[in-house]
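The values are calculated or read from the model by the stated rules, or taken from the named source; none is laboratory data. Everything quoted here is computed from the prediction, not taken from an experiment. Heads up, the Cβs are rebuilt from the backbone with ideal geometry, glycines too, and the neighbour counts pull from every protein chain shown.
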Amino acid sequence: MKVALLAGGTGGAKLAAGMQAVVGDGLTVIANTGDDIETLGVYVSPDPDLVTYWLSGQVDEVRGWGIKDDGFDVFQRMARFGAPDWFGLSNLDLAACLYRKDFMASGGRLTDAQAQITRGLGVRATVLPMSDQPVRTRIKSSGEWRGLQEYLIIEGGQTEVEGVQLDGIEEAEPTPELIEAISSADLIVIGPSNPVISIGPILAVPGIRQAMIEAAAPVVAVSPYVAGKVVKGPTDLFMKAIGRPTTAAGVATLYQGVIDAMINDSEDPDPPPSEVRSFSTATFMHSSESRATVARAVIKVGETLAAS
């Protein structure tokens, strides 16, 4: 089975790990690059790398990000020399970002750099950046515009969101590999990542939303709300900022016209979306077994939709 999965942060990355356990190299993950950043002399692509570390089994599952048992010796030494110390990179994470910077400086595509990194880490699935052109998500908070990483790390992702913009989105294009992954998929899944700053930039890339609408495969979204709450991250702040309810139904309105169904957590007390078909299952992914179980549930919904 061929599955195309849109993912951003931890929720989408966890589902990607579960889906890889079920469909293996039939999985292609389309990852958000709106929060990419160049710092410390390297090119950091947080979401594609987070997905890659979950797929490779190297992620620090306690934190939900980064590489387990990795140190920050190089970063700490750079900070002593006067380098910016607000965005930390561990030793092995820094190596991937340094490789990406050098690869692209030599004329290589972001897509091909990520392919090399995933291949080097033994990942079975494919990880595709949402575009090879730079898109940068900017957040207005406390009356000032700042990069998404600055908002999440320096501001702590706690202050009220007053605006969101995607610099460079008009010039961005989906890659041929990405369009092929969508058009040839048996199932397209929107993972339980932040719908505004993780999934939103992917769907905003000209051509991706339309490709999903035109695809023969059913499109299923997984709600980021578990028992009515977000497991991790400032999803509620961003949903409120764009005037949408902080519920699965609110998330579904952002995907209107694209998805055929929404999967909601079985413990969610809020009413499910009324505009699309709704399915219910336990979606809390706290172990490798639960991640694979959720993946199987998503596939089952896809099969139900395809047969109807």
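Table: residues versus (1) of a type in the set (A, V, I, L, M); (2) modelled with pLDDT under 95; (3) within 29 Å of E160 (Cα to Cα).
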position: G207; (1), (2), (3): no, no, no
position: Q210; (1), (2), (3): no, no, no
position: S223; (1), (2), (3): no, no, yes
position: V231; (1), (2), (3): yes, yes, yes
position: R244; (1), (2), (3): no, no, yes
position: E289; (1), (2), (3): no, no, no
position: L305; (1), (2), (3): yes, no, no
position: S308; (1), (2), (3): no, yes, no
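Return the only residue of F284, F238 being under 21 Å from the mean Cα position of the chain (by Cα), of a type outside the set (S, T, Y) and part of a helix (DSSP H, G or I).
Values: F284 fails: part of a helix (DSSP H, G or I).
Checking each option against the conditions leaves just F238.
Residues being exposed (fewer than 14 other Cβ atoms within 10 Å of the Cβ) and at pLDDT below 95: count how many of those fall in region 257-275.
3
Can you report the number of residues in region 74-98 which are outside any helix (DSSP H, G or I) and either acidic (D, E) or without any contact (Cβ under 8 Å) to a residue 60 or more places away in the chain (or both)?
The initial filter retains those residues of region 74-98 that are outside any helix (DSSP H, G or I), namely 82-90.
Now restrict to residues that are either acidic (D, E) or without any contact (Cβ under 8 Å) to a residue 60 or more places away in the chain (or both): 82-85, 88-90.
Looking only at that region, the number is 7.
Working only within region 129-176, note down all residues that are closer than 17 Å to Q114 by Cβ and either of a type in the set (S, T, N, Q) or crowded, with 17+ Cβ neighbours inside 10 Å (or both). Spell out how you get there, then give the answer.
Step one: list which residues in region 129-176 are closer than 17 Å to Q114 by Cβ, which gives 129-135, 172-176.
Within region 129-176, P129, M130, S131, D132, Q133, V135, A172, P174, T175 meet the criteria.
A quick yes/no check of all residues on (1) over 30 Å from A211 (Cα atoms); (2) buried (at least 19 other Cβ atoms within 10 Å of the Cβ); (3) of a type in the set (A, V, I, L, M):
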site	(1), (2), (3)
L5	no, yes, yes
L27	no, yes, yes
A31	no, yes, yes
V51	no, yes, yes
W54	no, yes, no
K68	yes, no, no
D85	yes, no, no
G88	yes, no, no
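Out of the residues in region 178-200 that are touching a Ser or Thr at 6+ places or on another chain (Cβ under 6 Å) and assigned to a helix (DSSP H, G or I), which is surrounded by the fewest Cβ atoms within 10 Å (Cβ to Cβ)?
So, considering only residues that are touching a Ser or Thr at 6+ places or on another chain (Cβ under 6 Å) and assigned to a helix (DSSP H, G or I), the one surrounded by the fewest Cβ atoms within 10 Å (Cβ to Cβ) is A181.
Which of the residues that make up region 216-231 are outside any strand (DSSP E or B), out of contact with any Pro (no Cβ under 9 Å at 6 or more places or on another chain) and surrounded by fewer than 18 Cβ atoms within 10 Å (Cβ to Cβ)?
Taking region 216-231 and keeping what is outside any strand (DSSP E or B), we get 216-218, 223-224, 227-228, 231.
From the residues that got through so far, the ones that are out of contact with any Pro (no Cβ under 9 Å at 6 or more places or on another chain) too are 216-218.
Answer for region 216-231, where residues must be outside any strand (DSSP E or B), out of contact with any Pro (no Cβ under 9 Å at 6 or more places or on another chain) and surrounded by fewer than 18 Cβ atoms within 10 Å (Cβ to Cβ): just A216.
May I ask you to list the residues in region 35-73 that are within 28 Å of L5 (Cβ to Cβ), of a type in the set (A, V, I, L, M, F, W, C), more than 15 Å from the chain's Cα centre (by Cα) and part of a loop (DSSP other than H, G, I, E, B)?
Across region 35-73, the qualifying residue is only V62.
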